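Notes to accompany the following structure.
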Amino acid sequence: MKVTPLSDALGAEVIGIDLTSIDDPVFDEIHEAFLEYQLLVFRDQDLTPDAHIAFSERFGPIETRPDRPFTLPNYPEVTVLSNRLVDGEPMGVISAGDFWHTDLSFSEIPCRATFLHAREVAEEGGDTEWSNIYTAYDTLSAEMKERIADLKGIHVFDRRRNKRAQVDTQFANKADEVYGIPIPDAVHPMVRHHPETGRKSLYISPRFVVGIEGMGGDEAQPLLDELFAHQIRAEFRYRHKWQHGDLLMWDNPCLIHIGRGAIKPPGIRHMHRTMVLGDRPH
Ligand code: OGA
Ligand code: MN
């Protein structure tokens, strides 16, 4: 197994691995590389849903929300992201992450790692981009670190309550149904300690964080705007152009990401996704 960095910001490509047959020593090496690079790319993976689930589960329990739309038949663990139309209806989520976010941060127990497998890729469009929020934290001024040290962000699932995130066009005519489900807000420290490395990250995102606990909007919103702009400085980022067979896994406590969309017709982008739960942010 060979590990080659993808950028100065984050990410590495792992070469020489077939994810359907890894033993414990290889798993340990993958795990170590994951902690070092935050995002790993495995090329040319031919994964059944069972194999995709089996690899994901080595990192923790898979999240299955009963009301999650577009899961694979008989596999509530696997969500389909796809712009393919069947009888005029998309067969998956078309744009799963169109604003900067970290997965499931609206939950009390958010997602630790996401595993996304490209089964079909479009010639143009559909890139995904990540930004390193370890680095975002590390590069804050000493004053800012002190100011936010004990602050908590309010993470909200419902896009209708977030002026920085519009309702997806795919769900425009059923926004109440999709975003009105009763998911309580989650309150998480803005400075999060990674469950394994202990490193601090700036754990907020414009998609989910709408306010700061105990702070009025006049103070909180400009502070959030400043931090959101800082989080996505170009030098913290890596943008991935997907190839058929790519399996990417990323570490949500220390990265935020965005789906760039803009798939050029008639391109089809078809992915399978699993998400593994982690710790309660602290
Ligand atoms: C996700 C996500 C982005 C993309 O699946 O969590 O943010 O480019 N996807 O598909
Ligand atoms: Mn996401």
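Of note:
- 1.4 Å probe accessible area per residue over the chain, in Å²: 45 Å²
- The residue among Leu140, Thr79, Val121 whose Cα reaches farthest toward the positive pole of the charge dipole of the stretch 79-152, with charges on the beta-carbon of Lys, Arg, Asp and Glu, is Leu140.
- Backbone HN-Hα couplings from phi across the stretch 173-190 [Karplus 6.51/-1.76/1.60, Hz, Gly and Pro as x]: 8, 9, 4, 5, 5, 7, 9, x, 5, x, 10, x, 4, 10, 10, 10, x, 6
- Modelled spin labels at Ala149 and Ile183, positioned 7 Å past Cα toward Cβ, are 3.3 nm from each other.
- Note on Ile109 and Arg84: the model spin-label points, each 7 Å out from Cα along the C-beta direction, lie 3.3 nm apart.
- Backbone amide hydrogens, once placed in the peptide plane, bring Ile154 within less than 5 Å of Val210, Gly211, Ile212, Glu213, excluding anything fewer than 5 places away on its chain.
- Charge context of Gly278, other residues only, Cβ under 12 angstrom, K/R +1, D/E -1: -3
- Options Asn162, Leu151, Pro184, ranked by Cα towards positive dipole end of the stretch 48-198, top entry (Cβ charges): Leu151
- Three-way shape label, the stretch 143-202, alpha-carbon gyration tensor, a/c 1.5: prolate
- Ligands, DNA and RNA left out, the accessible area of the stretch 103-148 computed with a 1.4 Å probe is 42% carbon and sulfur.
- Since only Gly92, Leu202, Met215 are under comparison, the one whose Cα sits farthest along the positive direction of the charge dipole of the chain, derived from C-beta charges on Lys, Arg, Asp and Glu, is Met215.
- Dipole magnitude of the chain about its Cα centre (Cβ charges: Lys, Arg +1; Asp, Glu -1), debye to nearest 20: 680 debye
- Student exercise, the stretch 154-261 dipole from Lys, Arg, Asp, Glu Cβ charges, in Debye to nearest 20: 380 debye
- Rh (Kirkwood; distinct C-alpha pairs) - the stretch 98-217, Å: 16.1 Å
- Cα gyration tensor of the stretch 1-126 - equivalent ellipsoid semi-axes, whole Å, descending: 25, 18, 17
- FRET efficiency, 1/(1 + (r/R0)^6) with R0 22 Å, evaluated for Ile15 and Glu120 via beta carbons: 0.45
- Shape of the chain, Cα gyration tensor, a/c cut at 1.5: oblate
- Each part reduced to its alpha carbon centroid, the stretch 215-282 and the stretch 1-52 end up 19 Å apart.
- Antiparallel bridge percentage (DSSP; both residues within the stretch 1-151; nearest 5): 65 percent
- Net dipole in debye of the stretch 47-198 [+1 Lys, Arg Cβ; -1 Asp, Glu Cβ; about Cα centre; nearest 20]: 440 debye
- By average C-beta atoms within 10 angstrom, highest first, the peptides 158-165, 271-278, 197-204: 271-278, 197-204, 158-165
- Per residue, the average separation of C-alpha pairs within less than 8 Å and at least 6 apart gives the chain a relative contact order of 35 percent.
The values are calculated or read from the model by the stated rules, or taken from the named source; none is laboratory data. Since the model is a prediction, treat every value here as computed from it, not as a measurement. Note: ideal-geometry Cβ built from the backbone for every residue, glycine included; neighbour counts use all protein chains shown. Quick note on the areas: whole protein, heavy atoms, side chains included, nothing else; ligands and nucleic acids left out. Shrake-Rupley method; radii C 1.70, N 1.55, O 1.52, S 1.80 Å.
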